[in-house]
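Enquirer: Can you read through this structure? Questions will come right after.
Any read-out appearing in this document is the output of simple, stated calculations on the displayed coordinates, not a laboratory observation. Small disclaimer: the values here were computed from a predicted structure and weren't measured. Cβ atoms come from the backbone with ideal geometry, glycine included; neighbour counts cover every protein chain shown.
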Amino acid sequence: MFKVELLTRDGASIAFEADATQTLLEAAERASVYPPSSCREGGCGVCRVTKVSGDAELLSCSSAALSEKERAAGDILLCRSRARSDLQLTATFDQTAIGSAPEPVRTARIVEIAPQGSTTLRLVLQYSDDPTFGQAAQFVAGQYAELAVPGAPIKRSYSLANTPNWDGLLEFLIRIQPGGAFSGYLRETATAGAELIVHGPKGQFTLDESALAPRWFVAGGTGLAPALSMLRQMAEFADPHPCRLFFGVNRVEELFALDAIEALRAGLPQLQATVCVWKPEVAWSGFAGTPSEALAKSLKEEGPRPDLYVCGPPALIAATNSVAAAAGIAQDRIFSEKFSPAEGPVEKSTEPPGRRHLWPGVIVG
Amino acid sequence: MFCYQCEQTFRSDEGAGCAGTKGMCGKDAATADLQDVLLHVCEGLGQYLHHARALGATDAEGDRFLLFAFFTTLTNVNFNAARFVQLIAEAARLRDRARALYERAARAAAKIPENLPGAAVFVPASDMNGLLAQAGEAAIRKDAAIVGEDVIGLRSLVLYGLKGVCAYAHHARVLGEERPEIYAAVEHALDLLAREPKDIEPLLEEALALGRANFVAMEALDAANTGAFGTPQPTQVRVTPVKGKAILVSGHDLKDLHEILEATKDKGINVYTHGELLPAHAYPKLKAYPHLAGNYGGAWQDQQKEFADFPGPIVMTSNCLIEPQARYRGRIFTAGPVGWAGLRHIAEGDFSQVVQAALALPGFPEDVEEKTITIGFGRTAVLGVADKVIEAVKAGQIRHFFLVGGCDGAAPGRNYYSDFADEAPDDTVILTIGCGKYRFNKHDFGTIGELPRLLDMGQCNDAYSALVVATKLAEAFGVGVNELPLSLIVSWFEQKAAAVLLTLLALGVRNVRLGPTLPAFLTPALVNVLVEKFGIQPIGEAKADIAAALARAA
Ligand code: SF4
Ligand code: SF4
Ligand code: FES
């Protein structure tokens, strides 16, 4: 990591860290520093700054955005430069031109807490009205939030299962972990009306909205939550993309949210859902096996290669990756979010091979 | 993809044009290619409508669709590839209907219907991949190697000018003003383009014909806006927020703004205009709403920061949308021709969700100290003081008028326009039109007698006003517009500006200074034509250009 110091025209000093693989603009945004930018591809010159000291690699860019003369004077473009050492930069803009988006921390009350299948809880929270954020629940479908119990050292991250809304509602599908701290709180202490602290929304596991390929979702257990959120958003926006869902649990009694999947069809008539049970000990007429096995079977069909959105335990991600590779799906068309074996998506896979932009400032794995 | 329709197109030593995976505006390759296919199918639609019209048969739905479809392809309007697949299917349906209309009309006139060539017989594929594979057939440069760059440049000028005409005409249409001559001109241009013309002269003539059609479109738009909302009056607009719930409305669509004002009546929500919608505050029927609270933010290219900071929902009613940032993606709505995949879209003017969002979002926590600017110097206001203006010119108090008009943009060279306004001598008047003014409209330019030195005439959509004022002043002084002590300093960005430029040329206005760069689709030979025929000049250095303008006038 290199240290970057950006001195604005009105004299403010803004520091962030950058590694050698990201552009300075990406590095800044990752640190919640949003300098002015427009094209983000070295064409408009909006992000031009002057290098005072240090070394940066300048990638190709348009001469209209950065003339030879400016280049000679030490100017670089934040969107087309990577740090090669610590850097000192001066900007032609004022501090007010730089956006900052501190991560929201809000309180919410439990509205509903209900078992779903033998191992899952559905938890619904409602944000309290907030002077900065109002009542609305703003997030991007697929993101997660970190929930904390006030006054207790209990904190866990869970994906949101619903869509952004103006009523302030947050829906989570939570796997009950025997001995898990948050699980214990939910089972034993939590009641409707209890207050929780919500950090976030966070995460970049969201739809690539501009892609045209069909969207296939592969979900293991409560990895269904972000898939549900994205599918529900597609339904809400009458999105025409063909889509499939492969959702699996280990045993029949663990199944949950089947009504929610069914309800999706009203807005997404094109949705094909395959519910998988890995070890169906009782009568089961659905797919017997894992979601990645069901995926492998479907990928044998003719048709355009889909984008894959995968969420679940590391083993499911790994299995899906190899199925996808065998079917000729490029690594950068697989978007995944791993669960830790504990609870919730605590380990975010933001830096896998296919790292790329979803939209400015957001990196998707 | 290949696109070079706007000023920010990618430029390098090898040439200009956005190619590769994404344009400078954020338009991706698939969307760009689908837009090309849509325009190609529209050419076919235009061909049949043109031929049908010659036989006295018209199809209002087809004509209106053309305006809308072209509008969606302007820079910064619609980025939603899936939407273009639907529009292509709709265009094909209307084209088939227009073919039937033409054939019926021909038979009724005892004529054998012609077999129209080119786009008329193009069959769009039924799925996305097929359509993308067809993009080559629809590309603007497809036969560049055969017809040469000058022809391609002029076809581009016609196509992009046409986009501007369509955008203006669409705005007028939604408020109920339609002119058959605009539709005739649109169809004529499409028919010409579909025949893949190879000669310079007819293309130049077509460009000027579109300039004239655009004058009609701007007249219709002016009639639509003033008819619906009254005549703009000089008005002080607050540019700082007031405490309370808030909605921000951007773009140009006065009708959408009006509907939002209606939907928020008595709900304790303040409505702010953003950027290009600033002139709305000058219309009596709009400014009568007490909750039309003010104007927030500057020109379109600053929207990512401004929208992120705005504590309420944002509605984009027409152009100019840029890639929405995660921080406000959930509370930005598109309407009409605008689109971005994954944003909520309001198709039928039902803004109830926006109202809900405004109530759920925090709004401004407190009043910010009041600051205002004065706007609303449309033709009626300026001509209302024409006597004083003429006297001041005769008495030597006003030496010159500068019309600093056109777009703003992100390119660094655009400081020229604020430098120009700041450097203009105290005995000159600055008229503004379009977004370029955001760079300097909060500066204090003082007055000449009782007349403010800075007169804001409105949006780019109000260029008509400026032309009427120029024509009336010329009449009053008994000279031609080119003999007036008036210089036009025009900044362009996208295709409406191209249409306005064609109008200026068609009306014989000379010596326009154009910047910050010349259109990439104009070859050196075409630029020469513009320089020789119309005296167009590129912008230089502000001080020197002012001196040259004053010297020419002296
Ligand atoms: S509209 Fe402008 S920026 Fe966008 S692709 Fe075309 S030329 Fe490039
Ligand atoms: S002035 Fe130019 S940039 Fe502004 S709205 Fe009009 S066309 Fe768009
Ligand atoms: S943002 Fe356009 S050059 Fe960097």
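Enquirer: At a threshold of 8 angstrom on Cα-Cα distance, excluding pairs fewer than six apart, so keeping six or more, what relative contact order does chain B reach in percent?
Expert: Once normalised by length, the contact order is 17 percent.
Enquirer: Lysines near residue B:198 by alpha-carbon distance under 18 Å, same-chain residues fewer than 8 away left out - which ones?
Expert: B:142
Enquirer: Please report A:241, B:170, B:443 as a ranked list, fewest other C-beta atoms within 10 angstrom at the top and most at the bottom.
Expert: B:443, A:241, B:170
Enquirer: How high is the FRET efficiency between residue B:123 and residue B:532 when r is their beta carbon distance and R₀ equals 51 Å, given to the nearest 0.05?
Expert: My answer for the efficiency is 0.75.
Enquirer: Place +1 on the Cβ of every Lys and Arg and -1 on the Cβ of every Asp and Glu in chain B, take the dipole about the Cα centre, and give the residue among B:538, B:417, B:221 whose Cα lies farthest towards its positive end.
Expert: B:221
Enquirer: Find how many whole Å separate the alpha carbon centroid of region B:46-85 from the alpha carbon centroid of region A:237-316.
Expert: 41 Å
Enquirer: Can I ask one more? Taking θ as phi - 60°, what are the ³J(HN,Hα) couplings along region B:216-227 by the Karplus curve (6.51, -1.76, 1.60), each to the nearest whole Hz, with x for Gly and Pro?
Expert: Coupling constants for region B:216-227: 5, 4, 5, 5, 5, 5, 4, 5, 5, 5, 6, x Hz.
Enquirer: Mind checking the angle between helix A:224-236 and chain A's longest principal axis? C-alpha axes, 0 to 90 degrees, to the nearest 10.
Expert: 80 degrees
Enquirer: To the nearest Å, what is the center-to-center distance of region B:1-38 and region A:161-182, using C-alpha atoms only?
Expert: Between the Cα centres of region B:1-38 and region A:161-182 lies a distance of 43 Å.
Enquirer: Sort B:372, A:189, B:428, A:320 so that the residue with the fewest other Cβ atoms within 10 Å of its own Cβ comes first and the one with the most comes last.
Expert: By the 10 Å Cβ count, ascending, the order reads A:189, B:372, B:428, A:320.
Enquirer: List the extent of the Cα atoms of region B:422-544 along each of their three principal axes, largest first, rounded to whole Å.
Expert: In descending order, the Cα extents are 46, 34, 29 Å.
Enquirer: Report, in deg cm²/dmol and to the nearest 500, the calculated mean residue ellipticity at 222 nm for the protein assembly as shown, where each DSSP H run with n ≥ 4 adds -39500 (n - 2.57) and the sum is divided by the residue count.
Expert: Counting only the DSSP helices, I get -10500 deg cm²/dmol.
Enquirer: Do any trypsin sites (Lys or Arg not before Pro) in region B:63-135 lie in a DSSP loop with no more than 15 other beta carbon atoms within 10 Å, and if so, which?
Expert: In loop regions of region B:63-135 (DSSP not H, G, I, E or B), the sparsely surrounded trypsin sites (Lys or Arg not before Pro) are B:111.
Enquirer: In region B:460-554, what chymotrypsin sites (Phe, Trp or Tyr not before Pro) fall in a loop by DSSP, with at most 11 other Cβ atoms inside 10 Å?
Expert: Answer by residue number: there is no such site.
Enquirer: What's the percent breakdown of Cα-Cα distances in the protein assembly as shown across 20 Å bins, shortest bin first?
Expert: 14, 43, 34, 9, 1, 0
Enquirer: Over 30 Å between C-alpha atoms is what I'm after, so list which of B:27/B:472; A:202/B:22; B:265/B:371 land there.
Expert: Result: B:27/B:472 exceed 30 Å.
Enquirer: Among rounded, prolate and oblate, which fits region B:194-297 when a ≥ b ≥ c are the square roots of the eigenvalues of its C-alpha gyration tensor, a/c under 1.5 means rounded, and a/b larger than b/c means prolate?
Expert: Prolate shape, in that a/c is at least 1.5 and a/b is the bigger ratio.
Enquirer: In cubic angstrom, how much convex hull volume per residue do the alpha carbon atoms of chain A span?
Expert: Per residue, the Cα convex hull of chain A comes to 158 Å³.
Enquirer: Where the centre of each part is set by its Cα atoms, how far does region B:475-524 sit from region B:138-197, in angstrom?
Expert: So the two Cα centres are separated by 19 Å.
Enquirer: Let me know the shape class of region A:200-337, please: from the alpha-carbon gyration tensor, a ≥ b ≥ c as square roots of the eigenvalues, rounded when a/c is under 1.5, otherwise prolate if a/b is greater than b/c, or oblate.
Expert: rounded
Enquirer: Please work out the FRET efficiency for the pair residue B:93 and residue A:126, using the Cβ-Cβ distance as r and a Förster radius of 51 Å; give the result to the nearest 0.05.
Expert: Efficiency, from the Cβ-Cβ distance: 0.65.
Enquirer: Within a 10 angstrom radius of the beta carbon, how do B:462, A:75 rank from fewest other beta carbons to most?
Expert: A:75, B:462
Enquirer: Loop only by DSSP, 12 or fewer other Cβ within 10 Å of the Cβ. Give me the GluC sites (Glu not before Pro) in region B:380-489 that pass, ordered by residue number.
Expert: Passing sites in region B:380-489 are B:450.
Enquirer: For residue A:13 paired with residue B:144, estimate the spin-label separation in nm (one decimal), with each label point 7 Å from Cα along the Cα-to-Cβ line.
Expert: According to this spin-label approximation, the distance is 4.9 nm.
Enquirer: GNM, chain A, Cα, under 10 Å: largest mean-square fluctuation among A:73, A:56, A:194?
Expert: A:73
Enquirer: Shape verdict for chain B, please, from the Cα gyration tensor: rounded (a/c under 1.5), prolate (a/b greater than b/c) or oblate.
Expert: oblate
Enquirer: In addition: Which residue fluctuates the most in chain A, going by a Gaussian network model with Cα springs under 10 Å, if the choices are A:125, A:24, A:173?
Expert: A:24
Enquirer: Cross-link candidates for residue A:279: which aspartates and glutamates have Cα within less than 17 Å, leaving aside residues fewer than 8 places away along the same chain?
Expert: The reachable aspartates and glutamates, counting only those whose Cα sits under 17 Å from residue A:279, are A:253, A:254, A:293.
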